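What follows is a single structure, written as structure tokens, with notes after it.
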Amino acid sequence: MFNLITIILQLGSLQAFILAVILFNQKKNARASKILAFLLIIIGVTCFLYALNSLAFYLEFPHLIRVVWGLPLLFGPLLYLYTKSMIDSNLRLSRIDIKHGLPFIINTILLIPFYLKSAEVKIQSLDYFTASITAGTDNYAIYYYVLQFVIIGIGIHYGLRSLKVLNIYQEQLLYEFSEIQHRKVQWLNQLIWLFVALFVGLIFFNFRAAFDRYANFDYQVFFYIGTAVIVYVMSFKTFSQPQLHALELVNKKNKASIISKKSEPVLLGEKGRELTDLMQNDKPFLNWELSAKELSEKLNISRHQLSDILNGEVGKNFYDFVNEYRVNEFKLKLLDLKNSNLTILALAYDSGFSSKSSFNLAFKKLTGMTPSQFKKQQTN
């Protein structure tokens, strides 16, 4: 079993290094790609060293003892910075962002006295790893367990922060685009949850190890196997989803006005009436890629002004506003006898929807029934 674990960790580290090289050469959203590449390198080094975590290895390379201890402190912060960079390609990292790496820096400083010790002294600390003597002989033993729970806390904290950033992005999509299915980032949401689950699992592994004083098995190895699995998942997503590093970004400047205004609709002003006339006569909603930016350009107004009209006068976000026109267009086409030979999906595509899933979701949200139920109701 130990050989299998070693193979999994070594293959995971190799995969991490290969993917990191690929990501460093990414030109689209290069900053996010480089942050993810750095995260993969850290994971790769961690998995590689942990795969060699044995008495024989450290007797030969004593100066690598405890080098891996603080590396997981960087997992959460790098995941958070990666998520932010994916959402906003204009994000500029500054000196303030160094604060995310402070726990790692502090840990490194605390371990410097140990790193400066001779090889002979470091080898003596291996008694802690093999549990051949009591933990009380090693001054770093208690610190090690404290560090583990710091790693857990930081990992979960930054995982939840990453989810919050992602949720804001998902909400903003409704105010920017009329089709959001292919812009949703479920793969990133899943990736973040995998990291959170990994750190939650580390709580159990640490407690299990703490109550098994003379354990002949390292329960924490499951945490590092989990990181290797995450590398495999990221590799699959990178090669199977070309949009992994090409998210369409939301106009950040409009964020405050978009999300804060949720007033009841009022009487339409001049631009509001122009908007209604445009939608009814020119039917721009038939373009499934229609965005708020494009619609504002058709009205010769700013994106901010369109947001004010939709929130203050119409009382809808852009997604619901456009898809209501599409649903009404579908209803008209369905009731038109000349379209009786067309399927529901064909009529949906002709009405501006891009996929069956987006059509069904929008229709059910606006009518409270499925397209098939609506059709059956009309034919009875």
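Since every read-out is calculated from the coordinates, none of them should be taken as a lab result. All of these numbers come straight from a predicted model, not from anything done at the bench. Methodologically, a virtual Cβ is constructed for each residue, glycine included, from the backbone with ideal geometry; neighbour enumeration extends over all protein chains shown.
A few points about this structure:
- For the stretch 1-86, the Kirkwood estimate of hydrodynamic radius, built from reciprocal distances between every pair of different alpha carbons, is 13.9 Å.
- Relative contact order of the stretch 2-245, pairs being alpha-carbon contacts under 8 Å that are 6 or more residues apart, as %: 26 percent
- Across all directions, the average projected area of the convex hull around the alpha carbons of the stretch 31-125 is 6.6 nm².
- Cross-link pairs exceeding 22 Å between alpha carbons, from the set Lys271/Lys356; Lys28/Lys237; Lys99/Lys184; Lys338/Lys364; Lys27/Lys99: Lys271/Lys356; Lys99/Lys184; Lys338/Lys364; Lys27/Lys99.
- The relative contact order of the stretch 9-151, computed from alpha carbon pairs under 8 Å that lie at least 6 residues apart in sequence, is 24 percent.
- Residues Thr379, Thr83, Thr108, ranked from the fewest to the most other C-beta atoms within 10 Å, line up as Thr379, Thr108, Thr83.
- Column: log10 I(q)/I(0), Debye, Cα scatterers of the stretch 257-379, q = 0.20, 0.23 Å⁻¹: -1.11, -1.31
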